[in-house]
1. Got at least one residue in the range 373-381 being out of contact with any Pro (no Cβ under 6 Å at 6 or more places or on another chain) and at pLDDT below 85?
2. Cβ-Cβ distance below 7 Å, separation of 6 or more or different chains: which pairs start in the range 76-99 with a residue that is surrounded by fewer than 17 Cβ atoms within 10 Å (Cβ to Cβ) and end on one that is of a type in the set (Asp, Glu)?
3. Restricting the search to the range 462-481, which residues are open to solvent by less than 40 Å² (accessible area, probe 1.4 Å) and within 19 Å of Arg425 (Cβ to Cβ)?
4. Among the residues of the range 231-258, count how many are open to solvent by 60 Å² or more (accessible area, probe 1.4 Å) and over 16 Å from the mean Cα position of the chain (by Cα).
5. Residue by residue through the range 152-186, note down the ones that are in a loop (DSSP other than H, G, I, E, B), of a type in the set (A, V, I, L, M, F, W, C) and open to solvent by 20 Å² or more (accessible area, probe 1.4 Å).
6. Sort through Asp191, Asp200 and tell me the only one that's in the same structural domain as Gly162 (by TED's automatic domain parsing), surrounded by fewer than 15 Cβ atoms within 10 Å (Cβ to Cβ) and without any contact (Cβ under 8 Å) to a residue 40 or more places away in the chain.
7. If you go through the range 247-269 one residue at a time, how many are in contact (Cβ under 8 Å) with a residue 60 or more places away in the chain and under 14 Å from Pro226 (Cβ atoms)?
8. Quick check: is even one residue across the range 135-143 outside any loop (DSSP other than H, G, I, E, B), open to solvent by less than 80 Å² (accessible area, probe 1.4 Å), touching a strand residue (DSSP E or B) at 6+ places or on another chain (Cβ under 7 Å) and aromatic (Phe, Trp, Tyr)?
Amino acid sequence: MDSEDDMHDAYDADSLDDDFYSGGTPMGSEDGDADYDFVDNESEDSEDITSHRQQQNYTILNIADIRQHQDEDISRVSTVLSISREAACVLLRHYKWSVSKVHDEWFADEENVRKAVGLLEKSVEMPYNRELTCGICFESYPRAEMSAAACGHPFCGACWIGYIGTSITDGPGCLMLRCPDPSCGAAVGEDMINMLTSNDDKEKYSRYLLRSYVEDNRKTKWCPAPGCEFAVEFVMGSGSYDVTCNCSYSFCWNCTEEAHRPVDCATVAKWILKNCAESENMNWILANSKPCPKCKRPIEKNQGCMHITCTPPCKFEFCWLCLGAWSEHGERTGGFYACNRYEAAKQEGAYDESERRREMAKNSLERYTHYYERWATNQSSRQKALADLHSMQVEKLEKLSDRQSQPESQLKFIIEAWLQIVECRRVLKWTYAYGYYLPEHEHAKRQFFEYLQGEAEAGLERLHQCAEKELQVYLEAEAPMKDFNDFRTKLAGLTSVTRNYFENLVRALETGLKDVGPSSNQATCSKSSSSKNLVGGKGSKMGKVKVTGTSSRAAGRTLDDGNLWSCEHCTYANPRSVNVCQMCEKHR
């Protein structure tokens, strides 16, 4: 992105959007008005794609859902293995809450499993003596005041409370608590925790147990958004890792970073590490400063003459160009703004290596800054778009409905447009991280990538401007405007075209730009042909104004309706009265 004038300031808003790129979806209004109804020519394919988009490969769980799932797994294991619920809970914790793993291991070698988790085949009763000696404090107590795990080792109530309480205070390790006797490995179940500890410790233990079900289970993870208490249950091997929580935060299931499709997790990890690392600080210092010849502290010169004085306590005076002592400089060496010694030494190659290193650091820094600034700007624009979307849903949609005498159900195309903007900003942001790590020597791929990125970004800017600025006219109107239906057609069409641009960009990046061969000629061919494929190729769902039975590519030259002409570039149906496409602004 060469210009950032249209970008917006950041707003604090949680991110989250539907996955727009698992399949194309036709845009259209709901009132069936003949002037702006978008008709899809491939309705059966559209229904299949829409159905695919609606099939989530994950489930959002609240605290009650997590507890219900946990209880169901415990009951299932308890019933199948004919053991108590407490024993089933111990088994599931040991095997990371995998019911199938518990069943496999149990039926393969029950004896070893019992030994590993501390489950005795038969419980041992405490000795039937009137008084028993506690194994921790060695005091004697009546048998009724003593308690023991399944192993039968007796301990007094005070020692049990202290032992369990200390374990719970230490953290989730209390979930694998064993008998206090050093020679015994019998498990201490939840029943003893509830019987012997205080209410506070019971609540902590219950919370640890609940969190264990999510954190130890490979099928579930907590939403990483700050303060969110939802968990996500994911279906492995189901394609996209993008997850949208009920708190409106999107993240990648695989790495738990924010959603970053189409960029892979490894690239995202490298990019985030680079943004946090000190390497760019060192590059900046190397590119923009020189070390004091005496104390070696880096000094930045941003204006003034070549006479430099280091800060106290060093106070060494030297020439910025040759780094020699200033006492050896004067009118005969070039004065305050030049250095003859430096120029002579430079011609002899004395400064070649240091200048080369400084130039390399400067180029590296400039390249990183180029990509980072655009990455950050799109993030800011996305946050602003999220704030605008929220404002539209909360207040502006109702206001627009009143001003234009339109039911809110027929204004959903505006929400669709803003959702598309939010998602496209996210994708565009991560394409800059992708571009930074795209090898410099792969010129064909880089050329094709920059072309796709530029086309997608241009389409997004048109959509964003239409949804933000052109809509404002209708919000401020005192009475219904006659051309509102034309605006509806334009915005819905822009949304569809922009979606097609980004679908092609996402698809190309996810396949590693494999359509581009090693030669630059092939890249040029790909570039020239992709213009038509971006929005008019197979699978494009761009609707047309009351035109049915005609594919988007075939409609590139003629339309059944004599009052319309279709743009060669984006296939948008324009009125005959205009010679410039209202969608992509290309001439007829």
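The values are calculated or read from the model by the stated rules, or taken from the named source; none is laboratory data. From a predicted model like this one, the values you see are computed outputs, not experimental measurements. Every residue, glycine among them, receives a Cβ derived from its backbone with ideal geometry; neighbour counts consider all protein chains shown. Side chains included, ligands, DNA and RNA excluded: accessible areas come from the protein's heavy atoms. Shrake-Rupley method; radii C 1.70, N 1.55, O 1.52, S 1.80 Å.
1. No, the conditions are met nowhere in the range 373-381.
2. As it stands, the answer is Lys96/Asp216, since those pairs meet every condition given.
3. Residues satisfying the conditions are Leu463, His464, Cys466, Ala467, Leu471.
4. The total comes to 3.
5. Within the range 152-186, Cys184 is the sole residue that qualifies.
6. Asp200
7. Here the count works out to 4.
8. Yes, the range 135-143 contains at least one residue that is outside any loop (DSSP other than H, G, I, E, B), open to solvent by less than 80 Å² (accessible area, probe 1.4 Å), touching a strand residue (DSSP E or B) at 6+ places or on another chain (Cβ under 7 Å) and aromatic (Phe, Trp, Tyr).
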